[in-house]
Amino acid sequence: QKEVEQNSGPLSVPEGAIASLNCTYSDRGSQSFFWYRQYSGKSPELIMSIYSNGDKEDGRFTAQLNKASQYVSLLIRDSQPSDSATYLCAVNDNTDKLIFGTGTRLQVFP
Amino acid sequence: DGGITQSPKYLFRKEGQNVTLSCEQNLNHDAMYWYRQDPGQGLRLIYYSQIVNDFQKGDIAEGYSVSREKKESFPLTVTSAQKNPTAFYLCASSRGGGENSYEQYFGPGTRLTVT
């Protein structure tokens, strides 16, 4: 059974701080990794994709991938209250399916 | 505007009735998916389709049925055999196959309540 694990949180950070969200996965054959943001009552929104070991930056977001250790993380710099949401990690093994974690709830307080 | 639409946004049904949820996309994506999300839980795959007139069961297909007669459309029927149908239903699509093509994009969702 392929699994994606995330700490459910909540992760509370002050406004302006760096929020660090982590995800581990069980399948060593996984090739593609995704972070989704889901606001309460809304559908998930894709915010980052990463395919190679290392860091990928997009604005305030940085995704980090370490395939040897089977983890992927998302850093949010200069966190804002509008970043408060649940962040879902998803993993793909080059099939057409994604395996989702249960998400980490992030709270950014002023 | 390209995107995925789901209708209706909220749906209320009596127990024992079948109900069909609509999902349409104009992204020219080959693959489409149906997920279910329960409070505090992750997304669970119900059915997916990689090509017109073909679809595969996901992890929790029992009590559900789908069709894929057109590339743009992938309706989901929740039958009376589904024991706990009340949930948030999400439709997604992806290009399917090839580099960077496994990114899935979601519609706004349908919140189904069965009483």
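Things to note:
- From the list A:SER40, A:SER32, A:SER49, A:SER69, the lone residue that is more than 14 Å from every other protein chain (Cβ to nearest Cβ) and either closer than 18 Å to B:TYR33 by Cβ or of a type in the set (Gly, Ala, Ser) (or both) is A:SER69.
- If the condition is being within 16 Å of A:SER52 (Cα to Cα) and buried (at least 16 other Cβ atoms within 10 Å of the Cβ), then the range A:68-88 contributes A:GLN70, A:TYR71, A:VAL72, A:SER73, A:LEU74.
- Residue match in the range B:8-22 (condition: of a type in the set (D, E, K, R), within 14 Å of chain A (Cβ to nearest Cβ) and either farther than 28 Å from A:TYR39 by Cβ or outside any loop (DSSP other than H, G, I, E, B) (or both)): no
- Enumeration of residues in the range B:57-83 that are in contact (Cβ under 8 Å) with a residue 24 or more places away in the chain, open to solvent by 50 Å² or more (accessible area, probe 1.4 Å) and within 17 Å of B:THR5 (Cα to Cα): B:LYS71, B:GLU72
- Single condition B:THR86 does not satisfy, out of (1) under 20 Å from A:VAL4 (Cα atoms); (2) of a type in the set (Ser, Thr, Tyr); (3) open to solvent by 30 Å² or more (accessible area, probe 1.4 Å): (1)
- A:SER43 being small (Gly, Ala, Ser), within 13 Å of the chain's Cα centre (by Cα) and open to solvent by less than 50 Å² (accessible area, probe 1.4 Å): no
- A single entry from B:TYR10, B:TYR33 fulfils the requirement of being in contact (Cβ under 8 Å) with a residue 60 or more places away in the chain, within 20 Å of A:THR102 (Cβ to Cβ) and either β-branched (Val, Ile, Thr) or out of contact with any Pro (no Cβ under 9 Å at 6 or more places or on another chain) (or both): B:TYR33.
- Criterion: touching a Leu at 6+ places or on another chain (Cβ under 7 Å) and either of a type in the set (S, T, N, Q) or at pLDDT below 95 (or both) - qualifying residue of B:GLU103, B:GLU99: B:GLU103
- Among the residues of the range B:44-87, those identified as closer than 25 Å to A:GLY103 by Cβ, in contact with a Leu (Cβ under 8 Å, 6 or more places away or on another chain) and assigned to a loop (DSSP other than H, G, I, E, B) are B:GLY58, B:ASP59, B:ILE60, B:PRO85, B:THR86.
The values are calculated or read from the model by the stated rules, or taken from the named source; none is laboratory data. Small disclaimer: the values here were computed from a predicted structure and weren't measured. Don't worry about glycine lacking a Cβ; one is built from the backbone with ideal geometry, like all the others, and counts go over all protein chains shown. For the accessible areas, the whole protein counts, side chains as well, though only heavy atoms, and no ligand, DNA or RNA atoms are used. Shrake-Rupley method; radii C 1.70, N 1.55, O 1.52, S 1.80 Å.
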